[in-house]
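To start, the structure itself, in structure tokens.
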Amino acid sequence: MSFADRPLIVVATVCYLAIVTAVGLWSLGRTRDARDFFIAGQRAGLWVTALATMSAAFSGFVFLGGPGLTYRIGLASLMIVLPLGFTGGLLCRVLGTRLRALAAEQPIYSVPDAFDARFGSRVVTGLATLAVLSGTVAYLGMQLQALGVLLQAVFGLERGASAMLLGLAVLVAYSVLGGMVAGVYTDLVQGGLMMLTGIVVFLHAVAAAGGWHRTVAAVAESASFGPQFLEPLGRAAPLTVFGFFFVFGVGVLGQPQMLHKFYMISDPKKLRWFPLVLSGSQAVCVLLWLGVGLAVPALVAGGRLAPLERADEAAVRFLLEFTPELVAGLAVAGILAAIMSTADSLLNIGAVALVRDLPRVLGLGRPEPLAAGRAAVLIVAGLAALLAFRHGGLIAMLGTMAFGTFGAALAPALAVGFHWRRVGAAAAAASIATGLVVNLGLELWRPAWLADGVLPAAVALAASFSALFCVAAVIDGAAAGGRRAGSLVK
Amino acid sequence: MARFSLIALAISSPVLLLALLVGGEAGGFVFAVVAPIVPVGLMALGRDGGPRRFGVVVWLGLLWLSLEAGTLGILFATGRTGGWLGLPAATVWMLVGLGIVPLLLVPWGFAWLWRDEGPDATRSRR
């Protein structure tokens, strides 16, 4: 059975796309200049900014990749999302107010702009741009992979590649419609839909498996899952588990799709409530990860669901076979919302990096924005599609690589560099380069001496921090002429 | 506080790297103990004065304790029974120490500490 046999689901999907398109078209009317295009005119309120941040952060990784990873390694997978309890506060406390203040002083539209303002170095800005592009391609590839899984089920397509191509076409068309103004207001709608999906699917998942205690007991007593499934260290190595916590707990400070939203908020005093809205909304969405993650193994253990051939099918199989058509339609729309909101943010960020940041670093003239922007979207989307086709692993593992690319390269230089004047261009460049090279290097070539279960992203993040402090200890960035340090780092 | 946190971050970064490269149980133990220092240390980088400074120290201290309880609870309670809601003890430590307590403590603490004039993390250490 596919979703195509349940027409209400396809109708819900089409309705969702129509609503988002309508909001996007309405938002286009509010776009008058570059400031509107890139940072929503700095008119966004608390709820718009916080929910836009949430929906840019939460994607196919959470709604499809999470249950899939749980099916593979058990409740250890939750170490990826548990840091949301403090990451909202971490973002605001470390970077939120500074980025917002920066955006009020000068035209700051991207994360490389922030690096340029702080360090005044083309090398640093160029490396940051390269990091943004690399992470964007990887993250977008993960979204395409998730979209392929979903559309394959929605339209009953036999080949995943066809579904992925369809998803690519939808994404590119959606992104070309309008810039960040369309993104941030559609993100608000999508964020609300994601939260509703999280709650509704969690309740259905637990009910379908027979209630909380029966679900947990069924998993613990089964031969194929057993009590280790429920233990944090049951089916994953300690360094994998703690590595997830480290990468996702600290690497959040390097995620441009989230940091960019701080430029948009109209009143910085509202940031006081930002962690509450962000963390609270994320916690609601994550209920789907927990509910489906436990229910699917319980249903498999009870013989009510056939064992999965692909772990990433956990959420769609559950929705197909165990939820009423209306709920499944809502959930599909919610998952689409999660994927599209993140993908749209990333496409815009990648396009800005290619069209604006990279030419500036290379000293080239700025190309005609509209045509160049559309071409950039196609280039970024094309590279992401290539990666998605080649990657045969779990959605969550590609997501970890993508998140880790951003985090390892950008988080140390931003987080410490915006607070410690001694961090100069040399330290920042060393940190970004180390994070990029180590993460991508270990992903492509995993040496035999690296212990089992060690995440490349965790090694890269620790190495990037170490490089930053080592170089800063040797070279005093402030004394070396960090001319822009004084205005930003008081 | 910012100077102390910079020192803590500067020491913990290579220690974490070494733990990852060494691997095994020893590496896992060291990583679990040291990793919670990093997010707390980063949050301590802001410069706060007056009565808020004491509040921030308490707030971050409680966060650090919760995170350490979570990671150490995972390490030492694995395999033990006596959890909650049918979940084993280590999982309860994980959910409470690394998730629920920070989720309650951090957002509300942030809103309380900056209730008067909004967040002011614009001053750093020299």
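Here, each number is a calculation from the coordinates, and none is a lab measurement. Every value quoted in this text rests on a predicted model; they were computed, and no experiment measured them. Because the Cβ atoms are built from the backbone with ideal geometry, glycine has one as well, and the counts that use them run over all protein chains shown.
Descriptive notes on the structure:
- As a proxy for reagent exposure, ranking A:ASP312, A:ASP187 by other Cβ atoms within 10 Å from fewest up yields A:ASP312, A:ASP187.
- Electrostatic dipole magnitude of the protein assembly as shown [Cβ: Lys, Arg +1; Asp, Glu -1; Cα centre; debye, to 20]: 1680
- A straight line joining the Cα centroids of segment A:295-353 and segment B:1-55 runs 36 Å.
- Degrees separating the helix B:50-77 axis from the principal Cα axis of chain B, which is the longest one: 10
- The long axis of helix A:7-28 is offset from the longest Cα principal axis of chain A by roughly 20 degrees.
- Converting phi to 3J(HN,Hα) with the Karplus coefficients 6.51, -1.76 and 1.60 and the offset θ = phi - 60°, segment A:386-395 yields 4, 5, 4, 5, 7, 7, x, x, 5, 4 Hz in sequence order, with x at every glycine or proline.
- Sorting the Cα pairs of the protein assembly as shown by distance into bins of 10 Å, from 0 upward, gives 4, 18, 30, 28, 16, 4, 0 percent per bin.
- Mean sequence separation of contacting Cα pairs (under 8 Å, at least six apart), scaled by the length of chain A, corresponds to a relative contact order of 30 percent.
- The mean number of partner chain beta-carbon atoms within 10 angstrom of a residue's beta-carbon across peptide A:228-239 is 6.
- Each of A:SER77, A:SER345, A:SER222 was scored by other Cβ atoms within 10 Å of its Cβ. Arranged with the fewest first, they read A:SER222, A:SER77, A:SER345.
- Estimated [θ] at 222 nm from DSSP helical runs (n ≥ 4, -39500 (n - 2.57)) normalised by residues in the protein assembly as shown, nearest 500: -22500 deg cm²/dmol
- Per-residue mean of foreign Cβ neighbours for A:410-418 is 3 (Cβ atoms of other chains, 10 Å radius).
- Exposure proxy for B:ARG115, A:ARG356: other Cβ atoms within 10 Å of each Cβ, ordered fewest to most, give B:ARG115, A:ARG356.
- Within 10 Å of each Cβ in A:454-465, the average number of Cβ atoms from other chains: 5
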